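Every number in this text was worked out from the coordinates using simple rules, so none of it is lab data. The shown structure was predicted, so the numbers you read here are calculated from the model rather than taken from an experiment. No Cβ is skipped: glycine too gets one built from the backbone with ideal geometry, and neighbour counts run over all protein chains shown.
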Amino acid sequence: MKSDKAIRLGRGRRRIITALSACVALMAASCASTTAGGGGTGEYPSETVTIVVPYTAGGVSDLTMRALAEFLQKETGQTVLVENREGASGAVAMRYAMNQPADGYTLFNIGQGANVITPIVEDVEYDRHTFTPVANVAAFPSALVVGRDSNARTAEDLFEAARQSPGTVSVATAGATTPGQIAVEQLGTGPKAVPFKPVPFPGNAEALTAVLGGNVDALQINLTNDLLARADKGEIRLLGVGTPDRLPYLPDVPTFAELGFEDAIYSTSPYLVGVREGTDRAIVDTLAELINKAPQDEQFRKTVGDRFVTEGAETVDELVQYLDDTDAAYRPILEGK
């Protein structure tokens, strides 16, 4: 028979073991709670999410990201804010977002301008890999446009006029280092080169006004519902689009690839959403699953436009590859300036 002392020691050991077990359980619960919050993957998202937009309020980027914020707020029950930090061709927003925690609570509107073009042409402390794209919610195809009084009925008509008189057929763009400007310069390279005269304007509105007024011969611009309405009214003609395949709503308009300029497909503007490099892959996957539901949401489609929402089917790796391919297409043009 055990002595009273031995029994007391045994009971003491059991109490210690029980207490230690309780501590371990509490620590595990605490870790799970932390994981569910800002630093991990559990119940993500469990607090306010901010989407940083590198452009002013009221533009297409802003409108698209606000529609996404509204969807995410409805889907998750968490507050989702949009913060506009324009300036320095997207660098202001990039610098801000890259200094936020890599926890999935600061998202970034990734695009060709801020994430591909600016790191090539400016001396900045980031590149296209600083942010990981998680989803693509919309894409606004680029188009080569002429006014109603133009003699060019087709892209080949305009191309032939430019080849007959190099440097005299003017094409308006929204800026000197924009995807549209790059596309015009890409059309001027290769065996089928078209020697256009690019004319950069401060923005799309000014460039459109110039072609409508007959001050330039053509315009390279991203499609919007307004532009499509103008085409339907006969105010402008669409000669070509910067997409890999013909658009279902413009079946008679050829692609630049069909016309012999495969790199010019990167002039279409995607609206990607990303997080800082180094964000936990489980959070990236959760975000991708959430955001890729937006293009199927009725209100999101109504706000952005049925013609411009994506299928929400691209993977993270495919989006990373898209940015790499865009860089490869843009870099020879931009570094030659």
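Between Thr56 and Ala205, what length in nm is gained on full extension when 0.36 nm per residue of separation is reduced by their alpha carbon distance?
Full-extension gain reported as 52.2 nm.
Note down, for the stretch 215-280, the three equivalent ellipsoid semi-axes (square root of 5 times each alpha carbon gyration tensor eigenvalue), biggest first, whole angstrom.
One finds semi-axes of 28, 16, 12 Å for the stretch 215-280.
For the chain, calculate the relative contact order in percent as a whole number, restricting contacts to Cα pairs under 8 Å that are 6 or more residues apart.
Over the chain, the number comes to 23 percent.
Determine by what factor the alpha-carbon radius of gyration of the chain differs from 2.2 N^0.38 Å, reporting the quotient.
Dividing the Cα Rg of the chain by 2.2 N^0.38 Å gives 1.31.
What FRET efficiency comes out for Asp325 versus Arg153 if R0 is 25 angstrom and r is the Cβ-Cβ distance? Round to the nearest 0.05.
Working from the Cβ atoms, E equals 0.20.
Can you say what percent of the DSSP beta bridges in the chain, counting only those with both residues inside, are antiparallel? Round to 5.
Taking every DSSP beta bridge with both residues in the chain, the antiparallel ones total about 60 percent.
Based solely on its DSSP helices, what 222 nm [θ] is calculated for the chain when runs of n ≥ 4 H residues each add -39,500 (n - 2.57) and the sum is averaged over all residues, nearest 500 deg cm²/dmol?
Helices in the chain give a 222 nm mean residue ellipticity of -12500 deg cm²/dmol.
How charged is the neighbourhood of Gly214? Take every other residue with its Cβ under 11 Å from the Cβ of Gly214, and add Lys/Arg as +1 and Asp/Glu as -1.
-1
In the neighborhood of Ile265, defined by Cβ-to-Cβ distances under 13 Å, what is the net charge if each Lys or Arg adds +1 and each Asp or Glu adds -1?
-4
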